[in-house]
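Nothing in this text is a laboratory measurement; each read-out follows from the coordinates by a stated rule. Owing to the predicted nature of the structure, the values given are computational and were not obtained by experimental measurement. Counting neighbours? That spans all protein chains shown, and the Cβs are built from the backbone with ideal geometry, glycine included.
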Amino acid sequence: MTNFEYEKLTEFDNHRTVLYLHDHAVGLKGFIALHRGGFHNPTFGATRFWNYVSEKDALRDALRLSRLMSYKSALAGLSYGGAKAVLIAPVADEKNRERILRSYASQVNLLSGNFITGTDVGLDRRDLTLMKKVSKFFVGFRYNPEYYTALGIYHSIKVCLSFLFGSSEVQGRSVSIQGLGKVGALLLAFLYKEGAHLIITDLQSDLIRKLKKKYHRVQVVPPQEIYKQKVDVFSPCALSGPLNIKSINKLNCKIIAGGANNQLASEEIGALLFRLGILYAPDYVVNAGGLISVVDEFEYPQQDSDRIKKRLAIIPKTLKLILAESVRKKIATNLVANHLAEKRIKEFI
């Protein structure tokens, strides 16, 4: 795909660099997109390993997610740019996985520390350990980033409850969670402990059975029914783009706050949610906990969970600012967050 072609994509936002990854010998294909930063300070963004339908779909995902990472970093008070790597997983072919990841890690080295990365969807701690042997520019070992992501979302839900109902009390409130992966399952644990009424769904039936056995008070619904549930909070924690014209017409919630990236299929969806009276907590604001934890690992030689939790305080603080500004200006929360992120990017990067 030529520069001219990718610049025509709507997701292209004058990115600093877009790299095409290719190693025919092992089957590596993918992209690294650096949105902002990478000059004075490195860019941060995890690596995704996914069965993309086409290279174009993979590129569009990298462009969207790298922009989101710039915004996430800026609103988390971090002076780093945003980036993203996406690798196209060979269909039904695991035998070359190790060779693909080693080749990818060697190509990360070519960026000489301008790109710091970790694991996202499709990769786990074993993959991270493997890639770290090849490149020193991988993070996510000292802490569990998903824990801090879920913790940030939990505190954000409390902010939204307080904003809408006058109390941050979770007990007795109803929350539906879409997607019970690493972040969704941890959020479930936090909310269950506080006595929330929980409705959950996931595409993996074995995972649902396991969680139902552990959290016996939860209600399980089929994936296609999760949008229709009458709840105080809907928390999308699966893959990107769950909120579109079709799905929001099914919603029966008052608040949306979850861990999925790029939850809005388009910016216009945020405006529609605003007109519907549904409070939307911008995804890249509330799910910044994982990024904060890996940046802390990068900046400090010693582990300190209390330090990270103190740094997480910026998430509810920023969210309160965005919600208040949305009411004052009578515009959607995603637009307020975008404007604030752009302003801070100019200040930090």
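For the reader, a short list of remarks on this structure follows.
- Estimated inter-spin distance, residue 339 and residue 189, nm [label 7 Å along Cα→Cβ]: 4.0
- DSSP-defined antiparallel bridges as percent of all bridges, the chain, nearest 5: 30
- Per-residue ellipticity at 222 nm, computed for the chain from helices alone with -39500 (n - 2.57) per DSSP H run of at least four residues, works out to -14000 deg cm²/dmol.
- Stretch gain in nm, segment residue 165-residue 325, where the contour uses 0.36 nm per residue and the Cα spacing is subtracted: 55.8 nm
- Model label sites at residue 205 and residue 9, defined 7 Å from Cα along the beta-carbon direction, differ in position by 3.6 nm.
- HN-Hα J in Hz across region 224-240 - Karplus 6.51, -1.76, 1.60, θ = phi - 60°, x for Gly and Pro: 6, 9, 5, 5, 7, 5, 7, 9, 6, 10, 9, 10, x, 10, 9, 7, 5
- Region 145-348: translational diffusion in µm²/s, Stokes-Einstein, Kirkwood Rh over Cα pairs, 25 °C, 0.890 mPa s: 143
- Relative packing of peptides 63-70, 18-25 - highest average C-beta neighbours within 10 Å first: 63-70, 18-25
- Under 5 Å, built H, 5+ apart or other chain: amide partners of residue 82: 35, 36, 44, 70
- Relative contact order of the chain, pairs being alpha-carbon contacts under 8 Å that are 6 or more residues apart, as %: 17
- Over all Cα atoms in region 151-208, the spread is summed up by Rg and Dmax: 11.7, 38 Å.
- Rel. contact order, % - alpha carbon contacts under 8 angstrom, at least six apart, region 145-348: 22
- Inter-site label distance for residue 346 and residue 299 at 7 Å from Cα along Cβ, in nm: 2.4
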